[in-house]
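A.B. asks: I am attaching a structure below and will ask some questions about it afterwards.
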Amino acid sequence: MSINRLARAGLVSAGAIAATAAAAAFLCAPGRIDRARRAPFMGRNYAHRGLHRIDKSTPENSVPAFEHAHRIGYGVELDVHITADGGLAVFHDDDTERMCGVPGRVEDMTLAELKALRLAGTDYAIPTLAEALEACGGSPLIVELKRGGRNKELCRKVYEAMRGYPGPWCVESFDPKIVFWFRLHAPEVVRGQLSTRYASLRKSCSPVSAFILSRCLTNVLTRPHFIAYEIGRRPLTVKLAAALGAMRVAWTSLEWKTEERADAVIFQFYRPRVKYK
């Protein structure tokens, strides 16, 4: 092969690599966010579902768990479902069996039915979002919106409820459609894409969906300000998003060293510093 032909082949290869890199950057790029909007969330530890106890004497997503986190000064991560009658309940699972010992889908139950249940055998009830916000007392919040059949209603009602909260708050979800809603209707709100590894997502998604979600390729539509990724090995596309400016949120931490490679940490079952940056 002549020198000219080799040069042309090299140029073609370089062009293909550059085009691939540009396409990856376009798909993975985060939304723009200035330093002032990032500042309340950077270098802070967030109590996962409040500061709950491993023996469940203080249950997850309970009023005392939020009060304890607030008293110490931690940020708080909490989960919100919409109920059958349009209420907002702070609860993680889609079903009440694990935490309340009674089977039932949260989205199919009324707020009154959920309030009648008790968390992990204690006297504590499932809180409404309003009750949880009062207990958090202005602490920085990461609000996870749980996907379901009425995402738009959930997004709208959470947005309306959160606008009166006195502290800094942001939203996140595994469902890109929820993140996209906030990009479209509330672009001033800091928004994040929750994700995890392919093998975990494959349990509830098709292979194609699991690949797209685990690589955060939906960023092209949602342009999240942060990626909340499960602790462990992250795909190259997730690393690329961070290199392009996405805040790195790690979940769920069980040890201090998580702080070394994260801009914010969601933790449980230990007592880290309130802030580390």
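The values are calculated or read from the model by the stated rules, or taken from the named source; none is laboratory data. What you see is a predicted model, and the numbers here were worked out from it, not measured in a lab. For neighbour counting, all protein chains shown are included, and Cβ atoms are generated from backbone atoms with ideal geometry for every residue, glycine included. The area values use the complete protein model at the heavy-atom level, side chains included, leaving out ligands, DNA and RNA. Shrake-Rupley method; radii C 1.70, N 1.55, O 1.52, S 1.80 Å.
A.B. asks: What's the FRET efficiency of residue 236 with residue 160 using the Cβ-Cβ distance as r and R₀ = 35 Å, to the nearest 0.05?
C.D. replies: My answer for the efficiency is 0.35.
A.B. asks: Turning to a different aspect of this structure: Ratio of Rg to Rh for the chain, alpha carbon only, Kirkwood?
C.D. replies: For the chain, the value is 1.04.
A.B. asks: Further question: How high is the relative contact order of the chain, given as a whole-number percent (alpha carbon pairs under 8 Å, six or more residues apart)?
C.D. replies: Rounded, it is 22 percent for the chain.
A.B. asks: A further question follows. Share of the chain's accessible area from carbon and sulfur, percent, 1.4 Å?
C.D. replies: Roughly 57 percent of what the probe reaches on the chain is carbon or sulfur.
A.B. asks: How far apart, in nanometres, would the label points at residue 150 and residue 257 be if each is projected 7 angstrom from Cα along the Cα-to-Cβ direction?
C.D. replies: The two pseudo-label positions are separated by 4.6 nm.
A.B. asks: If you keep only loop residues by DSSP, which trypsin sites (Lys or Arg not before Pro) in the stretch 166-272 have at most 10 other Cβ atoms within 10 Å of their Cβ?
C.D. replies: Within the stretch 166-272, the qualifying trypsin sites (Lys or Arg not before Pro) (loop, at most 10 other Cβ atoms within 10 Å) are 203, 233.
A.B. asks: If you don't mind, another one. Taking the Cα-to-Cβ direction at residue 202 and at residue 269 and moving 7 Å from each Cα, how far apart do the two end points lie in nm?
C.D. replies: 2.6 nm
A.B. asks: Could you tell me how many cubic angstrom of Cα convex hull volume the stretch 136-272 has per residue?
C.D. replies: 122 Å³
A.B. asks: If you take every residue apart from residue 83 with its C-beta less than 11 Å away from the C-beta of residue 83, what net charge results, scoring Lys and Arg +1 and Asp and Glu -1?
C.D. replies: -1
A.B. asks: Distance between Cα centroids, the stretch 181-243 to the stretch 80-111: provide it in whole Å.
C.D. replies: Centre-to-centre (Cα) distance: 25 Å.
A.B. asks: When we measure straight from the Cα of residue 152, which lysines land under 29 angstrom away, once same-chain ones fewer than 8 places off are left out?
C.D. replies: Those lysines meeting the cut-off are 115, 177, 203.
A.B. asks: Determine the shape class of the stretch 16-160: with a ≥ b ≥ c the square roots of the Cα gyration tensor eigenvalues, call it rounded for a/c under 1.5, and otherwise prolate if a/b is greater than b/c, oblate otherwise.
C.D. replies: prolate
A.B. asks: Treat each spin label as a single point 7 Å out from the Cα along the C-beta direction, and report the residue 57 to residue 98 distance in nm.
C.D. replies: Between residue 57 and residue 98, the simple spin-label model gives 2.3 nm.
A.B. asks: How about residue 257: which aspartates and glutamates have a C-alpha closer than 17 Å to its C-alpha, ignoring those fewer than 8 places off in the same chain?
C.D. replies: Counting by Cα, and skipping residues close in sequence, residue 257 has these aspartates and glutamates nearby: 230.
A.B. asks: Something else: Once every DSSP H run of n ≥ 4 in the chain is given -39500 (n - 2.57) and the sum is divided by its residues, what mean residue ellipticity at 222 nm do you get, rounded to the nearest 500 deg cm²/dmol?
C.D. replies: -10500 deg cm²/dmol
A.B. asks: By Kyte-Doolittle mean hydropathy of at least 0.5 and Cα axial length of at least 18 Å, which whole DSSP H helices of the chain are selected?
C.D. replies: Helix filter hits for the chain: 3-28.
A.B. asks: Among rounded, prolate and oblate, which fits the stretch 176-224 when a ≥ b ≥ c are the square roots of the eigenvalues of its C-alpha gyration tensor, a/c under 1.5 means rounded, and a/b larger than b/c means prolate?
C.D. replies: Because a/c hits 1.5 or more and a/b exceeds b/c, the stretch 176-224 counts as prolate.
A.B. asks: Within the set of other residues whose C-beta is less than 11 Å from the C-beta of residue 181, count the net charge using Lys and Arg as +1 and Asp and Glu as -1.
C.D. replies: Value of the local net charge: +3.
A.B. asks: Separate question: Accessible area per residue for the chain in Å², computed with a 1.4 Å probe and the full protein assembly in place, what is it?
C.D. replies: With all protein chains present, the chain gives 48 Å² per residue.
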